[in-house]
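Below: the structure, in structure tokens.
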Amino acid sequence: MENKTERKWWKEAVVYQIYPRSFKDSNGDGIGDLKGLTSKLDYVKSLGIDIVWLNPIYGSPNADNGYDISDYDDIMKEFGTMADFDVMLAEMHKRGLKLVMDLVVNHCSDEHEWFKLARSSRTNPYRDYFHWWPAEKGKPPFRPGNFEVDGSGWRFDSLTNSYYLHYFSYKQPDLNWENPKLRQEIYAMMNRWFKKGVDGFRMDVIPFIAKDTSFPVITQKDLDEKYEGRWDVYQASGPGLHNYLQEMNKEVLSKYDIMTLAEGAGTTKATAMNFVDPDRKELDMAYHFDGVSLGYVPGYFKKMDPNWSLTAFKKIYSDWDSVFANKGWGTIYLGNHDQPRMLTRWGNDAPEYREAASKMLTTFLLSMRGTPYYYFGDELGMTNIKFDKIEDYRDIETIAEYGKVKNAGGDLKGFIDNQKNGGARDNGRTPFQWDAGMNGGFSTGIPWLKVNDNKNDINAEAEEKNPNSVLSYFKKMVKLRKDQKDVLVYGKYTLLDKDNPDVYAYTREDGNKKVLVLLSFRKTGGSFNVGKMQLGEEWINNLQPLKVNGNTVTLQPYQACIVQLK
């Protein structure tokens, strides 16, 4: 069994996720690009982070913002050229930054050469790179297609009178991992990128790659009995999945000093360790969806309950911490390109609370056990844009869900309102706010997605000059995590006062050093009883002072403090 404190660079790192389309545009076409990103690497380095995870930049027709890849060995035209990529990677490495790419191999684009050939005839050699169901056998058994108005994961293709499988958009046909030839193509491609010098892969919906190709009928009863009632758990349970990942590790991953992250779609606390147990030789880390799935109102698309339960939130993160207490390694995140802005969702974006709440959430992410994945713009306290009409959205998912409500004669205004504080993905994709100028300094052209009007108050230029800004606090907290890595990275995590509805309190300890972390998640503040603990030196505090009266600490709205215990 792995010693639980086995040290690795990727455990000690802070990962900064950049959505390239929205970071910095260098040529005025309104779309962020690699040259723009390269021009801002000094800013990225100044944050103190170690690893950049970049969303897909491969050749793609962009049906799902790059998660539909038509050429794994090329760069999307809008983002630049392979020469631009090589310069960017060299400039990152020069600054001591590592680059993790997004690997999308559950599916490719329907415009990939493989699929064009596969759909041309039933006897084409590439036919078996995909999953087909001949129409003469009738309709295929239901499988979900996430971005389709009709919800089906099968698409009829008249050219060969067959249906093909797509767990996401019909523009994203699923690859047939049961075919060893396909697997060898994928491994060869991964080797090419590692030889270029990339430092790892975040693997998109990797648990979905294995399929039961007899495509049995799956009933709700089957789902309830074996898969927690969830299609995603079924999709993540395909036969051969772990054989493929072990083969990938042996043929590719084990040859390089890199890191791998599984997007743990459909994985549960019971199955997560299978991906990251070092003895199994598969992947390094996985991230779960339990945390970000909390607080949605059942029966609606991403409608957030404003009175979500902090005790439930604490239980999720504590339970997941315990999964990796002795071996394997976890992750922690609140925002990414598939989520609304963390400040709007988990904090409070009202002007009077915004800064404190943003700093509080940063304290949480950077004081938990597990590698933190921090989403670009959150270090400024960027917020949901809260569009008023469907025409402002660009996201395939929101548009498809709006279509479902429309077809059902549902409440369209209610749907739009639910997306404002809830989960529309474009909330997290608006362009980075560099300054208070035109388009927030993102582009001289018309941005692909609107820039948030609050750029005048929330932007990097202003925050860099202000020692009390959200950005300055983020840098301080990153430095603290590094300076105190024995405690804040590797130390034991213990939840305290689990039923406290307003305050998340826990200790981190290593050997003879122990700290108390106090986080107020409410605009009413909260209180915590320290019992016999003796408070010593404060390591960080977003709202001075910490009010202590006898055994009771009274926290201000969204206060966060890490204090050493005597």
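Enumerate the pairs (first residue in segment 454-479 and of a type in the set (A, V, I, L, M, F, W, C); second residue anywhere and at pLDDT 95 or above and open to solvent by 90 Å² or more (accessible area, probe 1.4 Å)) with beta-carbon separation below 8 Å, excluding pairs fewer than 6 apart on the same chain, so at least 6 apart or on different chains.
Listed by first residue and then by second, the contacts come to Leu471/Glu464.
Looking at Pro61 and the list (1) open to solvent by 10 Å² or more (accessible area, probe 1.4 Å); (2) assigned to a loop (DSSP other than H, G, I, E, B); (3) within 18 Å of Thr362 (Cβ to Cβ), which single condition is not satisfied?
If we test Pro61 against (1) open to solvent by 10 Å² or more (accessible area, probe 1.4 Å); (2) assigned to a loop (DSSP other than H, G, I, E, B); (3) within 18 Å of Thr362 (Cβ to Cβ), just (3) comes out false.
Among the residues in segment 212-227, are any among the aromatic types (Phe, Trp, Tyr) and under 24 Å from Tyr67 (Cα atoms)?
Within segment 212-227, the subset among the aromatic types (Phe, Trp, Tyr) is 215, 227.
From the residues that got through so far, the ones that are under 24 Å from Tyr67 (Cα atoms) too are none.
No, every residue in segment 212-227 fails to be among the aromatic types (Phe, Trp, Tyr) and under 24 Å from Tyr67 (Cα atoms).
Please find, within segment 527-538, the residue that is farthest from Ala357 (Cα to Cα) out of those that are part of a strand (DSSP E or B) and either small (Gly, Ala, Ser) or at pLDDT below 95 (or both). Explain how you work it out, then say what you get.
Residues of segment 527-538 that are part of a strand (DSSP E or B), as a first pass: 527-529, 535-538.
Of the ones still in play, those that are also either small (Gly, Ala, Ser) or at pLDDT below 95 (or both) are 527, 536.
Details: Ser527: 17, Gly536: 24 Å.
It comes out as Gly536.
Please count how many residues of segment 488-526 are buried (at least 21 other Cβ atoms within 10 Å of the Cβ) and either polar (S, T, N, Q) or in a loop (DSSP other than H, G, I, E, B) (or both).
Result for segment 488-526: 4.
Quick check on this structure: which one of Thr219, Thr268, Thr213 is hydroxyl-bearing (Ser, Thr, Tyr), within 18 Å of the chain's Cα centre (by Cα) and either surrounded by 15 or more Cβ atoms within 10 Å (Cβ to Cβ) or modelled with pLDDT of 95 or more (or both)? First the steps, then the outcome.
Values: Thr219 fails: within 18 Å of the chain's Cα centre (by Cα); Thr213 fails: within 18 Å of the chain's Cα centre (by Cα).
Answer to the selection: Thr268.
Going by what's in this entry, would Trp308 be described as in a loop (DSSP other than H, G, I, E, B) and hydrophobic (A, V, I, L, M, F, W, C)? Before you say what the answer is, go through the steps one by one.
On the way: in a loop (DSSP other than H, G, I, E, B): yes; hydrophobic (A, V, I, L, M, F, W, C): yes.
It is true that Trp308 is in a loop (DSSP other than H, G, I, E, B) and hydrophobic (A, V, I, L, M, F, W, C).
Restricting attention to segment 219-226, does a residue exist that is β-branched (Val, Ile, Thr), over 27 Å from Asp102 (Cβ atoms) and out of contact with any His (no Cβ under 8 Å at 6 or more places or on another chain)?
Of the residues in segment 219-226, the ones β-branched (Val, Ile, Thr) are 219.
Now drop any that are not over 27 Å from Asp102 (Cβ atoms), which leaves 219.
If we keep only those that are out of contact with any His (no Cβ under 8 Å at 6 or more places or on another chain) too, we end up with 219.
Yes: segment 219-226 contains one or more residues that are β-branched (Val, Ile, Thr), over 27 Å from Asp102 (Cβ atoms) and out of contact with any His (no Cβ under 8 Å at 6 or more places or on another chain).
So which residues in segment 276-305 are under 17 Å from the mean Cα position of the chain (by Cα), assigned to a helix (DSSP H, G or I) and hydrophobic (A, V, I, L, M, F, W, C)?
Listed by number, the list holds a single entry, Val292.
Which condition number does Ile69 fail, the rest of (1) within 23 Å of Asn191 (Cα to Cα); (2) not in a loop (DSSP other than H, G, I, E, B) being met?
The one condition Ile69 does not meet is (2).
Counting just the residues of segment 417-432 that are at pLDDT below 90 and not polar (S, T, N, Q), which one comes out farthest from the chain's Cα centre (by Cα)? Outline the logic, then answer.
Step one: of segment 417-432, the residues at pLDDT below 90 are 421-423.
Then drop every residue that is not not polar (S, T, N, Q), which leaves 422-423.
Numbers: Gly422: 16, Gly423: 13 Å.
The selected residue is Gly422.
Could you grab the pairs with beta carbons closer than 6 Å, sequence gap of 6+ or different chains, first residue in segment 27-51 and within 17 Å of Leu89 (Cα to Cα), second one among the hydroxyl-bearing types (Ser, Thr, Tyr)?
Once the first residue is within 17 Å of Leu89 (Cα to Cα) and sits in segment 27-51, its partners that are among the hydroxyl-bearing types (Ser, Thr, Tyr) give Gly32/Ser22; Asp33/Ser26; Lys35/Ser26; Gly36/Ser26; Ile49/Tyr16.
Open to solvent by less than 20 Å² (accessible area, probe 1.4 Å), farther than 17 Å from Asp68 by Cβ and in contact (Cβ under 8 Å) with a residue 12 or more places away in the chain: does that describe Arg192? Quick ask: steps written out before the conclusion?
Working: open to solvent by less than 20 Å² (accessible area, probe 1.4 Å): no; farther than 17 Å from Asp68 by Cβ: yes; in contact (Cβ under 8 Å) with a residue 12 or more places away in the chain: yes.
Criteria not met by Arg192.
Taking only segment 408-460 into account, find how many residues are of a type in the set (Lys, Arg), open to solvent by less than 20 Å² (accessible area, probe 1.4 Å) and either in a loop (DSSP other than H, G, I, E, B) or farther than 23 Å from Gly299 by Cα (or both).
Taking segment 408-460 as the starting set, the residues that turn out to be of a type in the set (Lys, Arg) are 413, 420, 425, 429, 450, 455.
Remaining after also requiring open to solvent by less than 20 Å² (accessible area, probe 1.4 Å): 425, 429.
Those left that are additionally either in a loop (DSSP other than H, G, I, E, B) or farther than 23 Å from Gly299 by Cα (or both): 429.
So the answer is 1.
Please give the number of the condition Asp74 fails out of (1) of a type in the set (Asp, Glu); (2) part of a helix (DSSP H, G or I); (3) in contact with a strand residue (DSSP E or B) (Cβ under 8 Å, 6 or more places away or on another chain).
Exception for Asp74: condition (2).
Quick check: anything in segment 387-396 open to solvent by less than 20 Å² (accessible area, probe 1.4 Å) and outside any loop (DSSP other than H, G, I, E, B)?
As a first pass, look at segment 387-396 and keep what is open to solvent by less than 20 Å² (accessible area, probe 1.4 Å): 387, 393, 395.
Filter once more, so that each one left must be outside any loop (DSSP other than H, G, I, E, B): none.
So far as segment 387-396 goes, no, none of its residues is open to solvent by less than 20 Å² (accessible area, probe 1.4 Å) and outside any loop (DSSP other than H, G, I, E, B).
List, please: which pairs have Cβ atoms under 8 Å, are six or more places apart or on different chains, and start with a residue in segment 1-22 that is small (Gly, Ala, Ser) and end with one that is modelled with pLDDT of 95 or more and open to solvent by 10 Å² or more (accessible area, probe 1.4 Å)?
Sorted first by the residue in segment 1-22, then by its partner, the pairs are Ala13/Asp50; Ala13/Lys98; Ser22/Trp448.
Find the residue count for segment 321-342, including only residues that are farther than 27 Å from Thr383 by Cα and either not in a helix (DSSP H, G or I) or not charged (D, E, K, R) (or both).
In the first step, residues of segment 321-342 are kept if they are farther than 27 Å from Thr383 by Cα; the result is 321-329.
Those left that are additionally either not in a helix (DSSP H, G or I) or not charged (D, E, K, R) (or both): 322-329.
Counting residues in segment 321-342 that are farther than 27 Å from Thr383 by Cα and either not in a helix (DSSP H, G or I) or not charged (D, E, K, R) (or both) gives 8.
If you go through segment 168-183, how many residues are in contact (Cβ under 8 Å) with a residue 24 or more places away in the chain and open to solvent by 10 Å² or more (accessible area, probe 1.4 Å)?
Filtering segment 168-183 down to residues in contact (Cβ under 8 Å) with a residue 24 or more places away in the chain leaves 168-179, 181-183.
Still in the list and also open to solvent by 10 Å² or more (accessible area, probe 1.4 Å): 168, 170-171, 176, 178-179, 181, 183.
Total meeting the criteria: 8.
In contact with a Cys (Cβ under 9 Å, 6 or more places away or on another chain) and either surrounded by fewer than 22 Cβ atoms within 10 Å (Cβ to Cβ) or among the hydroxyl-bearing types (Ser, Thr, Tyr) (or both): which single residue out of Tyr72, Tyr126, Tyr67 fits that description? Walk me through it before giving the result.
Values: Tyr126 fails: in contact with a Cys (Cβ under 9 Å, 6 or more places away or on another chain); Tyr67 fails: in contact with a Cys (Cβ under 9 Å, 6 or more places away or on another chain).
Residue meeting the stated conditions: Tyr72.
Looking for whichever is crowded, with 20+ Cβ neighbours inside 10 Å, touching a helix residue (DSSP H, G or I) at 6+ places or on another chain (Cβ under 8 Å) and within 17 Å of Phe194 (Cα to Cα) here; the options are Val105, Val100, Val87. Which one fits?
Numbers: Val100 fails: touching a helix residue (DSSP H, G or I) at 6+ places or on another chain (Cβ under 8 Å); Val87 fails: crowded, with 20+ Cβ neighbours inside 10 Å.
Result of the check over Val105, Val100, Val87: Val105.
The values are calculated or read from the model by the stated rules, or taken from the named source; none is laboratory data. What you see is a predicted model; the values in this text were computed from it and never measured. Cβ: placed from backbone, ideal geometry, glycine included. Neighbour counts: every protein chain shown. When the accessible area is computed, the model is the full protein with side chains, heavy atoms only, and any ligands, DNA or RNA have been set aside. Shrake-Rupley method; radii C 1.70, N 1.55, O 1.52, S 1.80 Å.
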